[in-house]
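Below: one structure, written as structure tokens.
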Amino acid sequence: MGCTHSSETTDSISEYQSKANLTGLKKEHVDETPPQETHEQISATFNDEDRARTTARIDFVSAYFTIEMNAGPQGLIATPRITTEDQASLPGFEATPVILRFVDEGAANVVWSIECAGEWATVLPTHQSFLRKKLLRLRKGTKSPSFNGTQTSPPPFLSSQDVYQHYNENIQPIFSKHELVEQTLVQVSEDVIKACNAILDTSEDYGERKRKRWGWHIEHTERTGLLITSMIPNDDDSILVQLKPKWLAQSPGAPPNARRCRTCAIQTFRRTDKDHLPVCPLALVSGKQRLVHDTLSNLPKSAISALPPFMERSEVVDELTTFFLGNDHMDSGLGHEPKDYGHKLLLHLRALQQQFDPLGVLKVVRIESEDRNAELASANQVKMSDAKLRRDLGLAMTLRDCTLFIKMWKDGESERFHLDARLADLDPKSSEDGERSRRWYDAELQLVEGGWYEGTEELEEGVATHEKCMLWNSAKEAYDG
Ligand SMILES: O=P(O)(O)O[C@@H]1[C@@H](OP(=O)(O)O)[C@H](OP(=O)(O)O)[C@H](O)[C@H](OP(=O)(O)O)[C@H]1OP(=O)(O)O
Ligand SMILES: Nc1ncnc2c1ncn2[C@@H]1O[C@H](COP(=O)(O)OP(=O)(O)OP(=O)(O)O)[C@@H](O)[C@H]1O
């Protein structure tokens, strides 16, 4: 197969990488250390001679996508697979050459783009349906040679198989298909994992990898990954907005006279610096024009990827306001939802967060007797022993920590915006994980006892009280009459 890869896709991804701060609203930010030296990037030719000749840096993985048919209890099972082995000469074996490139990483995962090494039109339709507009997400979990003990560890390793099972059993049933960044499990060969890890190492050598991510590889023993819907803007006309909706309803454990919601309370407690203060989720879902608009106007710069010259930030904010407001029923142009379906999606997410955690962390998490809050724990003995409540709490916490990607593009002729919004990062969080549930418990207790919900916390001299929460404002409005 001819293997000159599509420069269009490559350009749009690298432009997206350079233009957007891909970590969005997250706290950690790209280490600005410039590359130590410029380097020639070679194109993938799949030509061994070329490969041997060049000493230039290779910053992609050449691989093959195949679908293997294996016998299962109920007949043949199709297993998608990404491998570096060229088995194309095997009889009946169809392989699509692909190129994997680093897109971005979080604490737990590294995300790769998948480009077709040939022409899309020549790829088998069955392969296209797996690969087109998809990214590969691989989970981290092994220390790399550069680990020095100071780098942040990823959360406890979960295989993509477990993440997929959780998605299938718990997430898919509670959302519509178009509301989700979809996931498909794919087998990934050891060689692909090795090649991807080599790229992470090289990007450390070139000073390009975020410092706080150094020292960690994709789990060496992992043999699966996830193919996920790509929300990368396809071309120069589109942008990506990335935000975490967080706790869309007040915490069930908050005091009744709270003036901060859980998200605003914890961010104030952590004194997250101003650029990283989250949107107040309650304001975002309020359905009130001024609140929604103000909230979106205050999105950190990093939440919106770089705008094309013909797009103003103010019109993006106006469009997002309509999207989250809930009173516009124009067609979105996608043919499935009205233009304000962002509001409906958030209402749905909020209802689920409430449904799966009606009692609050303090009442559900099992705390042993040495706890400072043993009294409260024993008062809730019956509830604490309820396995379903604990399982549901884990799901609620997943739903409170997911990411909303909104891809926006403008129709050249009508000048109308089109939006595609999907929830991602809905990975399992277990309340049976003692360390994690302890962290949830301690955070809630701290917020309650420290007066962070009520806004009565003790502040160091000269530190102003942070009043940016919808609850604070509505309490003030009620007070002012
Ligand atoms: O504690 P929260 O509500 O701030 O949420 C944590 C997130 O913080 P942030 O969204 O920045 O406020 C935090 O995000 P960052 O690492 O700050 O990007 C994680 O998502 C964390 O989940 P996990 O422990 O990695 O599974 C999240 O922890 P969980 O509470 O979901 O376990
Ligand atoms: N479907 C997608 N489309 C476009 N970009 C994506 C997509 N999924 C992930 N990314 C990019 O890759 C980054 C890391 O992905 P992801 O959030 O899955 O990692 P993570 O390790 O789970 O993050 P966290 O630190 O929150 O645990 C994201 O911040 C985003 O920039």
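Overview of values
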item	result
Theoretical gain in end-to-end length, residue 388 to residue 205 [0.36 nm per residue, Cα-Cα removed]	61.2 nm
Computed label-point distance, nm, for sites residue 237 and residue 433 using a 7 Å Cα→Cβ extension	4.2 nm
Net lengthening on full extension, residue 315/residue 68 (0.36 nm per residue, minus Cα-Cα)	84.2 nm
Computed E for residue 413/residue 107 - FRET, C-beta separation, R0 45 angstrom, nearest 0.05	0.60
Segment 225-313: chymotrypsin sites (Phe, Trp or Tyr not before Pro) in DSSP loop, at most 12 other beta carbons within 10 Å	310
Extended-chain gain in nm, criterion 0.36 nm per residue less alpha-carbon gap, residue 122 and residue 271	48.3 nm
Cα gyration tensor shape of segment 53-197, rounded if a/c is under 1.5, else prolate or oblate by comparing a/b with b/c	oblate
Three-way shape label, segment 384-481, alpha-carbon gyration tensor, a/c 1.5	oblate
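Coordinate-derived values only; no laboratory data. The structure displayed is predicted, hence computed values, not measured ones. Every residue, glycine as well, gets a Cβ built from its backbone with ideal geometry; the counts of neighbours run over all protein chains shown.
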